[in-house]
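Colleague: I'd like to ask some things about the structure below.
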Amino acid sequence: MTDTMIAPTEKNSLFMEQLDTLAGPLKGEKSPGWVARLREEGLTRFRKTGIPTVKDEEWKYTNLSALAGHRYTPAGKSALSPAQRKDVRARYCGEADVNIVFVNGTPDKELSNFGKPPTGVEIMTLSDALTNNAAAVQEIWAHYDPQKDSAFVALNKALTREGIYIHIKDKIIANQLVHILHVTQADGEQIATFPHAFIRLGKSSEASILETHVGLNDENIYLADPLTDVFLEENATLHYSKAQKESLRAYHVGTTRVWQKRDSTFNGFSLAAGASIARNNLDVVINGEGAAAFLNGLYSVYKDQHVDNHTSVDHRVPNATSNQLYKGVLNDAARAVFNGKIFVQPIAQQTNSYQLNKNLVLGKECQVDTKPQLEIFADDVKCTHGATIGQLNEDEIFYLQARGVPRKIAARLLTQGFVDDILNRLTRDSVREQAARMVAPSLEVLEG
Amino acid sequence: MRKEETKLLNEKTIEENVLTSRDYKYGFYTEIETDRIPKGLNEDTIRTISQKKNEPGWMLEWRLKAYRHWLTMKEPHWANFRYGPIDYQGVSYYSAPKKAGQGPKSIEEVDPELRKAFEKLGIPLGEQKRLTGVAVDAVFDSVSVGTTHQTELAKQGIIFCSMSEAIARHGDLVKKYMGSVVPYSDNFFAALNAAVFSDGSFCYIPKGVKCPLELSTYFRINAAESGQFERTLIVAEEGSCVSYLEGCTAPMRDENQLHAAVVELIALDNAQIKYSTVQNWYSGDKEGRGGIYNFVTKRGKCLGRRSKISWTQVEAGAAITWKYPSCILQGDDSVGEFYSVALTNHRMQADTGTKMIHIGKRTTSTIISKGISTDESNNNYRGLVKIMPSAERARNFSQCDSMLVGNKCSANTFPYIEVRNSTATLEHEASTSRINAEQVFYLKSRGLDMEAAISLIINGFCKEVFNELPMEFAVEAVRLLQMKLEGSVG
């Protein structure tokens with residue numbers, strides 16, 4: 001390893017010292033006793049794990065010493081100027097969508113419009129849900145074994161203050177897009193946010209949810225540690241996209257956990273375009289026969305960005321399928337990490353599981369580390385994985401040049417084609433267009 | 001129809017799995033007087049081994065340095081398998097047939113008992129009865145008991161002898177290359193080996209010589225409560241070419257015996273080394289009692305430009321196999337290859353694969369790995385492809401396929417791909433599945449019985465790797481696989 005190993009002591013201890021400050025605003029809040037217990041659980045767990053180092057196999061290729069070296073303050077009030085508000089509304093809030101907007105971790109009533117959700121759809125902020133619907137939240141929140149929580153899941157559990165609770169009732173087909181938007185704009189201070197979203201789809205329901213994380217100023221340094229828990233009841237279908245374009249100096253360590261019951265479909269898409277260091281964990285547990293999971297992802301990074309995608313699909317029952325395709329474009333001196341795990345448990349016969357990771361390396365100093373991993377304990381299965389790392393095809397560039405297309409444009413066109421292959425899998429136009437807009441800056445450098 | 005067939009296959013596999021598989025045919029033990037040192041490991045043990053072999057001072061120094069380093073190391077446990085603690089003091093580190101005597105000897109002087117033992121293994125040591133076109137170095141427990149064809153090879157300047165002989169006669173060469181690919185500080189088992197290695201084979205192919213014979217070493221563990229720690233070193237000078245084969249067996253015992261070998265290959269400009277292994281150590285019984293712990297460090301260095309190192313392995317034995325034959329592709333345009341078939345049955349555990357470290361420009365590597373797991377075994381592929389910043393336009397292709405037979409086994413793949421140079425092109429693909437029921441049905445409908453059908457399909461599955469083996473070994477490998485699979489599959 002050429003990477004400098006960080007001693008877990010020094011820089012980590014700076015971060016550990018801050019835990020009390022970050023937990024400060026939580027003191028004196030009027031939440032049920034079980035919430036306090038969960039927070040305590042998370043805190044204990046995080047103190048035990050600390051910020052992971054590259055010695056941890058899960059973090060082998062992502063060094064968090066830069067993240068751990070800052071002093072963060074708890075997220076404060078929304079501080080958007082009227083011009084910024086207008087901008088956010090125009091760029092991100094679709095008129096036809098249900099918008100749930102958080103600014104610096106705090107719900108922004110003015111930009112949001114979820115007061116009157118469509119029939120059969122319940123949407124409330126976490127604080128409201130804890131007052132009005134505590135039992136339902138508790139069921140999801142306390143679902144996973146706390147001893148297995150990763151460091152950042154534990155941290156989120158300990159420090160989350162706001163979030164959203166979305167419940168699509170049985171047999172409801174929600175056509176409107178539900179858009180959870182996290183905007184961070186904090187000049188002069190380094191804030192840390194820990195939003196937690198709970199998404200529950202009832203039996204035979206269907207919904208489209210987009211979770212967006214954006215930073216308005218590329219110079220802002222902040223930490224985002226969001227956690228999204230998705231529960232799909234029998235025969236439910238969720239189209240879930242996560243689009244991330246944080247500030248180029250920010251740190252984003254997000255986790256999405258999906259729990260699938262019988263015949264449910266999780267149609268996931270993940271876009272990573274921003275942040276200095278971005279880590280995205282997507283853990284799917286298939287716990288019902290006939291369920292299907294689609295995990296598509298795109299990362300497009302440039303300058304000295306570092307993007308790390310970890311997916312895990314755990315087939316615990318027979319007759320389920322999962323399909324993953326992650327594509328990445330790297331420019332300048334960007335670095336990408338992909339780790340995909342497929343587990344097939346002994347009883348999960350007749351599992352079909354596919355995984356493919358393709359990297360297009362355009363910059364001279366890029367680095368790619370990929371580790372597709374299969375752990376299979378059942379025999380009647382079909383599982384494949386693949387990974388490629390390569391450049392643009394010279395023959396294709398030549399073909400375009402021979403037809404009068406300048407080299408730079410040819411490269412841009414071919415890269416666009418590589419990207420569109422995955423973007424076109426997004427069926428909702430508004431989501432696809434937004435994703436394309438987010439990727440654009442990292443592709444424009446090709447023409448420069 | 002097809003559904004029924006699948007069901008039938010399912011039932012049959014489970015049913016047949018319960019049946020005992022055929023006995024391990026090399027499980028016999030040879031009664032022979034041995035010269036062995038007491039169990040235990042300390043600096044005196046190492047001095048005794050060194051003394052017994054009349055080694056020069058520098059060798060002993062190196063051993064002791066390795067031992068002192070080993071004491072500071074911890075036994076690694078990152079591999080994906082379980083085993084009880086190894087008692088390093090409960091092993092005798094030197095055990096040799098008494099009549100083998102000291103130093104080099106002619107093949108005719110080999111103890112008839114020993115010769116009989118090797119004949120039983122299918123390795124005739126007498127020059128008259130030689131295997132056509134193969135020169136053999138036979139290693140029995142801790143020492144080499146004889147090397148065939150030495151004079152014939154010497155005419156071309158090729159040195160092929162036991163490591164002890166090489167240390168005595170070709171000290172300069174050994175000193176220059178030993179530890180240059182696998183230093184004693186490399187890992188826990190390499191350090192242990194460097195401290196206590198008792199013998200092994202040494203080959204040196206001079207400039208421009210194409211070795212006329214296949215060189216081969218046959219490793220046999222015979223004594224109980226001992227381990228085998230051999231070291232093999234192959235040096236191919238500029239423009240030379242050699243093919244080397246290795247085979248191994250051991251008696252059936254309820255105890256676990258440790259085999260911690262080190263193999264180092266060095267290829268200079270335009271040289272080619274092909275290293276093939278058919279590993280058939282005793283793998284333990286159905287309940288997983290006994291068997292060899294095969295913890296081996298094998299590494300080749302393509303030091304010269306346009307050099308090539310090719311590893312081919314058929315891993316069919318040993319209770320635990322833990323090895324990653326690797327290539328350091330240092331010379332520009334050098335080539336590394338790895339072809340592997342790993343078959344596990346009973347409760348065998350295998351964690352094997354390769355490492356390809358690309359350093360030179362335009363270096364290329366190919367990895368083909370086929371894993372077959374049956375019964376309650378666990379088969380892992382773990383590989384690393386690393387492209388260093390200096391490796392302009394490096395190329396790698398990897399393919400690892402696993403086949404599962406029976407529903408109590410497991411197959412895992414852990415490929416690591418690390419790219420530090422953006423001009424590299426890499427492709428990796430892997431698949432895991434069971435035997436295709438339609439293919440079985442097709443063959444059965446043409447009159448083949450279940451066993452023959454499955455054997456044929458598995459043969460086809462491994463074809464790419466078998467094609468890389470020298471002819472005699474390929475035949476042997478096919479037979480070995482058939483024998484192992486017998487009773488394992490329906």
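Colleague: Would a scan of the stretch B:148-168 turn up a residue that is modelled with pLDDT under 70, farther than 27 Å from B:I46 by Cα and buried (at least 17 other Cβ atoms within 10 Å of the Cβ)?
Modeller: No, there is no match, as no residue in the stretch B:148-168 is modelled with pLDDT under 70, farther than 27 Å from B:I46 by Cα and buried (at least 17 other Cβ atoms within 10 Å of the Cβ).
Colleague: What tally of residues in the stretch B:304-316 results from selecting those that are surrounded by fewer than 24 Cβ atoms within 10 Å (Cβ to Cβ) and in a loop (DSSP other than H, G, I, E, B)?
Modeller: Qualifying residue count for the region: 3.
Colleague: Continuing with this model, one more query. For the stretch A:45-90, how many residues meet the condition of being under 23 Å from the mean Cα position of the chain (by Cα), in a helix (DSSP H, G or I) and over 27 Å from A:G188 (Cβ atoms)?
Modeller: 6
Colleague: Okay, next question. Given the conditions (1) surrounded by fewer than 21 Cβ atoms within 10 Å (Cβ to Cβ); (2) touching a Lys or Arg at 6+ places or on another chain (Cβ under 7 Å); (3) not polar (S, T, N, Q), report the number of the one that A:L216 does not fulfil.
Modeller: (2)
Colleague: In addition: When the stretch A:24-79 is examined, which residues are found to be farther than 28 Å from A:V183 by Cα and small (G, A, S)?
Modeller: Within the stretch A:24-79, A:G33 is the sole residue that qualifies.
Colleague: Also, quick follow-up: Residues of the stretch A:105-143 being under 27 Å from A:E246 (Cα atoms) and either among the aromatic types (F, W, Y) or in contact with a Ser or Thr (Cβ under 6 Å, 6 or more places away or on another chain) (or both), which ones?
Modeller: Scanning the stretch A:105-143 gives A:G105, A:T106, A:P107, A:D108, A:F114, A:W141.
Colleague: May I pose another question? I'd like to check something: does the stretch B:378-390 contain any residue that is in a loop (DSSP other than H, G, I, E, B) and surrounded by 23 or more Cβ atoms within 10 Å (Cβ to Cβ)?
Modeller: No, the stretch B:378-390 has no match at all.
Colleague: Within the stretch B:439-460, how many residues are crowded, with 20+ Cβ neighbours inside 10 Å and either within 14 Å of chain A (Cβ to nearest Cβ) or in contact (Cβ under 8 Å) with a residue 40 or more places away in the chain (or both)? Break it down stepwise before answering.
Modeller: Looking only at the stretch B:439-460, we keep the residues that are crowded, with 20+ Cβ neighbours inside 10 Å, and these are B:440, B:453-454, B:458.
Then keep just the ones that are either within 14 Å of chain A (Cβ to nearest Cβ) or in contact (Cβ under 8 Å) with a residue 40 or more places away in the chain (or both); that gives B:440, B:454, B:458.
So the count comes out to 3.
Colleague: What number of residues in the stretch B:418-459 are among the β-branched types (V, I, T) and either in a loop (DSSP other than H, G, I, E, B) or at positive phi (or both)? Don't jump to the end; show me each part of the working.
Modeller: Within the stretch B:418-459, the subset among the β-branched types (V, I, T) is B:419, B:423, B:425, B:432, B:435, B:440, B:454, B:457-458.
Those left that are additionally either in a loop (DSSP other than H, G, I, E, B) or at positive phi (or both): B:423, B:435.
Residues meeting the conditions: 2.
Colleague: Same structure again: What strands (runs of 3 or more DSSP E) lie completely within the stretch A:183-296 and have 1 or more residues being within 12 Å of the chain's Cα centre (by Cα)?
Modeller: Where strands (runs of 3 or more DSSP E) fall fully within the stretch A:183-296 and carry at least 1 residues being within 12 Å of the chain's Cα centre (by Cα), they are A:196-201, A:206-215, A:227-232, A:237-245, A:251-260, A:265-272, A:277-286.
Colleague: Next question. Go over the candidates A:R403, A:R425, A:R432, A:R412 one by one and state the one that is in contact (Cβ under 8 Å) with a residue 40 or more places away in the chain and either within 30 Å of A:L210 (Cβ to Cβ) or away from chain B (no Cβ under 14 Å) (or both).
Modeller: Details: A:R403 fails: in contact (Cβ under 8 Å) with a residue 40 or more places away in the chain; A:R432 fails: in contact (Cβ under 8 Å) with a residue 40 or more places away in the chain; A:R412 fails: in contact (Cβ under 8 Å) with a residue 40 or more places away in the chain.
On inspection, the qualifying residue turns out to be A:R425.
Colleague: Restricting attention to the stretch A:73-87, report how many residues are touching an Asp or Glu at 6+ places or on another chain (Cβ under 9 Å) and of a type outside the set (S, T, N, Q).
Modeller: 5
Colleague: On to the next question. Quick one: is B:K408 more than 10 Å from chain A (Cβ to nearest Cβ), among the basic types (K, R), on the phi < 0 side of the Ramachandran plot and surrounded by fewer than 20 Cβ atoms within 10 Å (Cβ to Cβ)?
Modeller: Here the answer is no, as B:K408 does not meet what is asked.
Colleague: Another one. Please state which one of B:S216, B:S201, B:S180 is more than 22 Å from B:V91 (Cα to Cα) and surrounded by fewer than 20 Cβ atoms within 10 Å (Cβ to Cβ).
Modeller: Exactly one of B:S216, B:S201, B:S180 is more than 22 Å from B:V91 (Cα to Cα) and surrounded by fewer than 20 Cβ atoms within 10 Å (Cβ to Cβ), namely B:S180.
Colleague: Does the stretch B:17-28 contain at least one residue that is within 30 Å of B:G179 (Cβ to Cβ), touching a helix residue (DSSP H, G or I) at 6+ places or on another chain (Cβ under 9 Å) and either at pLDDT 70 or above or aromatic (F, W, Y) (or both)?
Modeller: no
Colleague: Considering only the stretch B:87-100, I want to know if a residue exists there that is within 14 Å of B:A191 (Cβ to Cβ) and among the hydrophobic types (A, V, I, L, M, F, W, C).
Modeller: Scanning the stretch B:87-100, I find no residue that is within 14 Å of B:A191 (Cβ to Cβ) and among the hydrophobic types (A, V, I, L, M, F, W, C), so the answer is no.
Colleague: Separate question: Test of understanding: among B:E255, B:E225, B:E230, which residue is touching a helix residue (DSSP H, G or I) at 6+ places or on another chain (Cβ under 8 Å) and over 27 Å from B:N467 (Cα atoms)?
Modeller: Exactly one of B:E255, B:E225, B:E230 is touching a helix residue (DSSP H, G or I) at 6+ places or on another chain (Cβ under 8 Å) and over 27 Å from B:N467 (Cα atoms), namely B:E230.
Colleague: Follow-up question, since we're still on this one. Quick one: in the stretch B:46-63, which of the residues that are surrounded by fewer than 16 Cβ atoms within 10 Å (Cβ to Cβ) and more than 16 Å from B:A166 (Cβ to Cβ) is farthest from the chain's Cα centre (by Cα)?
Modeller: The qualifying residue farthest from the chain's Cα centre (by Cα) is B:G57.
Listed here are the residues, each with its yes/no results for (1) of a type in the set (S, T, N, Q); (2) more than 8 Å from chain A (Cβ to nearest Cβ); (3) buried (at least 19 other Cβ atoms within 10 Å of the Cβ); (4) in contact with a strand residue (DSSP E or B) (Cβ under 7 Å, 6 or more places away or on another chain).
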{"position": "B:R393", "(1), (2), (3), (4)": "no, yes, no, no"}
{"position": "B:Q399", "(1), (2), (3), (4)": "yes, yes, no, yes"}
{"position": "B:L404", "(1), (2), (3), (4)": "no, no, yes, yes"}
{"position": "B:N412", "(1), (2), (3), (4)": "yes, no, yes, yes"}
{"position": "B:P415", "(1), (2), (3), (4)": "no, no, yes, yes"}
{"position": "B:R434", "(1), (2), (3), (4)": "no, no, yes, yes"}
{"position": "B:A437", "(1), (2), (3), (4)": "no, yes, no, no"}
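Colleague: Of everything in the stretch A:111-128 that's surrounded by fewer than 21 Cβ atoms within 10 Å (Cβ to Cβ) and assigned to a helix (DSSP H, G or I), which residue is nearest to the chain's Cα centre (by Cα)?
Modeller: A:S127
Colleague: Residues to consider are A:V381, A:V368, A:V344; find the one that is within 9 Å of another protein chain (Cβ to nearest Cβ), over 25 Å from B:V419 (Cβ atoms), under 25 Å from the mean Cα position of the chain (by Cα) and of a type in the set (A, V, I, L, M).
Modeller: A:V344
Colleague: Quick check on this structure: which one of B:R82, B:R63 is closer than 28 Å to B:W322 by Cα and in a loop (DSSP other than H, G, I, E, B)?
Modeller: So the residue among B:R82, B:R63 that is closer than 28 Å to B:W322 by Cα and in a loop (DSSP other than H, G, I, E, B) is B:R82.
The values are calculated or read from the model by the stated rules, or taken from the named source; none is laboratory data. If you're wondering where the values come from, they're calculated on a predicted model, not measured in any experiment. Backbone-built Cβ (ideal geometry, glycine too); neighbour counts: all protein chains shown.
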